[in-house]
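Below is one structure, written out as structure tokens; the observations come after it.
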Amino acid sequence: MKFGKILSLGAALLAFSPVPVGAEEARPNIVVILVDDVGFSDFGAYGSEIATPNIDALADRGALFSNFHASPICAPSRAMLMTGVDSHLAGVGNLPESLPLEHRGSPAYLGHLAEDVVTVASRLQAAGYRTTMVGKWHLGHETPEMLPPAHGFDRSFALDASGADNWEKRSYLPIYDTAPWFEDGKPADLPDDFYSSKFIVDKTIEYLGESRTSGRPFFSYLSFQANHIPVQAPREFVDKYVGVYDKGWHELRRSRLAGVVSKGLVAEDTVLGPMPAGLKEWDALSEEERKALAMNMAVHAGMLEAMDHHVGRFISHLKEAGEYENTVFFVVSDNGPEPNAPTDTPGFAQWLWWVGYSRDLDRLGEKGTYAFIGPEFASADAAPGAFFKLHAGEGGIRVPFIVSGAGVPALGNVDGFSFITDIAPTILGLAGVQAGGEFEGRPVKEMTGRSLLPVLRGEAASPYSEDDAVGMEAAGNVALFRGSYKLVRNMPPYGDGEFYLYDIAADPGETNDLRDAEPERFAAMMKEYEDYSASVGVLEVPEGYEQMKQLTINRVYDRRWQLIASALAALGIIAGLVWLAVLGVRRFPGR
């Protein structure tokens, strides 16, 4: 390294330190960009063929994490991101919509943030920050106390569902009656020119403009719908990827592995994680089937590039406003790529037809269409990891994470282990805000995450030592990390519910199970998981539980009285018609 470069890095490291509250000119603006269902190798900076130049530029001038983990499910990840507290302690241990009925009411499975946890936004707001949130919230809306205004956001425009249409206010699954959007805690409609990624940036710019003259720093949370089902994007972003995926998912998996290796994110001898059993074989499909699947993947790529385009618009706005140089960006995905193919569910294709969604390839991605990539291409997006969203394999929980801006050194690849609960304490450290067990005079849960500032200063590879155990559980899927080792359990339909042991530093694809080779380590980590599970209130899922099946069970259960009433009304109508028919026969027996 040249002497001048050493001096530059040293200056950046000196600049990159916590600042005291009240030093407004020194306190950085903070932007959290949360992307939805984006795989480890989806961004260009992580070796992808998808064009994401604005996010790549942030990675080039900051730190790109290659061993960062989240929950395999969106709501638990969002709870941990916002609070720095384990998802069960925060009250969101599973996806609320697919929670086993037996778990309802448990403190670890409230489906919304518990009263004794505090968001990073609340702490920053109390310290004088302007705070905004636009996009997917998914942390509850049944009472006003669950929505963003009650959790530290001055201005917010929030979707509180697992997803929604990207072109209009419309449900994307039959379990929802509508898309529940709220502005500042009140039900809201969307503009006629709505497209989710564009709107999220436009609204954030609007909110920041309202308070810019205050001179106070800001915290902005941009929570994108990209790339959640339904996968949708303007045609100009989709067209360039038509034909790119015509060779199928096996070729894409190989190319993604080569990409992450070329970026130095995994070792050259890394073996691809296996695809789960029971998935389709590309060569066994008809030409028509291959064309349809490749087109859905093209829309996925276009949607991600469209999101990056609008992130670029936001960055340009900050530069024009003179705020870019004093802003720190956090870019992260909530979990791995979405494997669900909704039309495989009996009745779903009929529902799409009933509500007017099209699967026409000639306009797929546009308004009124419904695309998804399915488990096979999701395996490619997650490469080199095994599994995908909803599972605890590396493909489901090892996600892209970038920190950049305002004095963050250009560290390049950071390969030490870190977890999504580490983001909140890092943000507070940057702002010079203390995070203790008390907030505004009331006791609150301590953060379980650890600040990444020592890592970003180059003082440590990870905030955790080789002896620290970090646990995670969601819908029965389990991961426990200690050093380079990982204990993991993946549940059906793609997992078998058994525990395995891997060295994910040497084997990020989880191809070599070490249970038999290292029985003592396996037993010790099983005990550590049991201790973790008990300490945070994990409840084992009932036998036969599957997340997607539970969605339907819960929907029927929650609407049982309406269904019974509808059935009784239908029976009443039928009985009335029969009575009228019988009466007619009696009155006119000869006719």
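In the chain, taking the dipole from charged Cβ atoms about the Cα centre, the farthest positive-side position among 456, 508, 284 is held by 284.
Think of each Lys and Arg Cβ as +1 and each Asp and Glu Cβ as -1; about the Cα centre, that makes the dipole of the range 50-185 roughly 320 debye.
Remark on the range 377-478: hydrodynamic radius 15.8 angstrom, per the Kirkwood mean of 1/r across alpha carbon pairs.
Couplings 3J(HN,Hα) for the range 277-288, derived from phi with the Karplus relation 6.51 cos²θ - 1.76 cosθ + 1.60 (θ = phi - 60°), are 5, x, 7, 5, 9, 4, 5, 8, 8, 6, 4, 5 Hz, where x marks Gly and Pro. Note on the range 260-417: with neighbouring protein chains present and a 1.4 Å probe, carbon and sulfur make up 50 percent of its accessible heavy-atom surface. Take residue 309: with every protein chain present and a 1.4 Å probe, its accessible area is about 80 Å². Dividing the Cα radius of gyration of the range 299-356 by 2.2 N^0.38 Å, with N the residue count, gives 1.80.
Accessible surface calculations at 1.4 Å, restricted to protein heavy atoms, place the range 60-202 at 28 Å² per residue.
Roughly speaking, what % of Cα-Cα pairs in the range 182-317 are separated by over 28 Å, rounded to a whole number? Looking at the range 182-317, the distances longer than 28 Å represent 39 percent of pairs. All C-alpha to C-alpha distances of the range 292-450, sorted into 5 Å bins beginning at zero, yield P(r) values of 2, 7, 11, 14, 14, 14, 13, 10, 8, 5, 2, 0 percent in whole numbers. On a per residue basis, the range 364-419 carries 14 Å² of accessible surface, using protein heavy atoms and a 1.4 Å probe. For residue 527, a cut-off of 25 angstrom between C-alpha atoms picks up these lysines, skipping any fewer than 8 places away in its own chain: 445, 486.
Counted over the chain, the DSSP beta bridges are approximately 55% antiparallel. The range 23-64: D in µm²/s via Stokes-Einstein (Kirkwood Rh, Cα pairs, 37 °C, 0.692 mPa s)? It diffuses with D of about 272 µm²/s by this estimate.
In the chain, helical runs assigned H by DSSP with n ≥ 4 each contribute -39500 (n - 2.57); averaged across all residues and rounded to the nearest 500, the mean residue ellipticity at 222 nm is -10500 deg cm²/dmol.
Please state, as a whole number in µm²/s, the translational diffusion coefficient that the Stokes-Einstein equation yields for the range 185-235 at 25 °C and 0.890 mPa s, with Rh defined as the Kirkwood radius across alpha carbon pairs. Here the translational diffusion coefficient equals 188 µm²/s. Between residue 360 and residue 142, the contour length at 0.36 nm per residue exceeds the Cα-Cα span by 74.8 nm. Quick one: pull the percentage of alpha-carbon pairs in the range 66-188 with a separation above 27 Å. Counting every Cα pair in the range 66-188, those more than 27 Å apart make up 16 percent. Taking a Cβ cut-off of under 14 Å around residue 423, the surrounding Lys, Arg, Asp and Glu residues balance to a net charge of 0, with basic ones at +1 and acidic ones at -1. Within the range 28-108, the proportion of Cα pairs with more than 21 Å between them is 44 percent. Each part reduced to its alpha carbon centroid, the range 247-270 and the range 330-406 end up 20 Å apart. Phi angles of the range 355-364 translate, via the Karplus equation with coefficients 6.51, -1.76, 1.60 and θ = phi - 60°, into HN-Hα couplings of 8, x, 7, 10, 10, 4, 5, 5, 10, 4 Hz per residue; Gly and Pro are given as x.
Here's how it looks for residue 41: its modeled amide H is under 5 Å from those of 383, which are all 5 or more places away or on a different chain. Cα-based radius of gyration for the chain, normalised by 2.2 N^0.38 Å, reads 0.99.
Note on the range 118-202: Cα Rg divided by 2.2 N^0.38 Å, N the number of residues, gives 1.10.
Checking the Cα-Cα distances for 291/389; 169/280; 203/319; 247/280; 169/203 against a 26 Å cut-off, the pairs over it are 169/280.
The values are calculated or read from the model by the stated rules, or taken from the named source; none is laboratory data. The structure presented is a predicted model; accordingly, all values stated were derived computationally and were not measured. All Cβ positions, glycine included, derive from the backbone under ideal geometry; neighbour counts span all protein chains shown. Accessible surface is based on the protein model in full, side chains and every heavy atom, while ligands, DNA and RNA are left aside. Shrake-Rupley method; radii C 1.70, N 1.55, O 1.52, S 1.80 Å.
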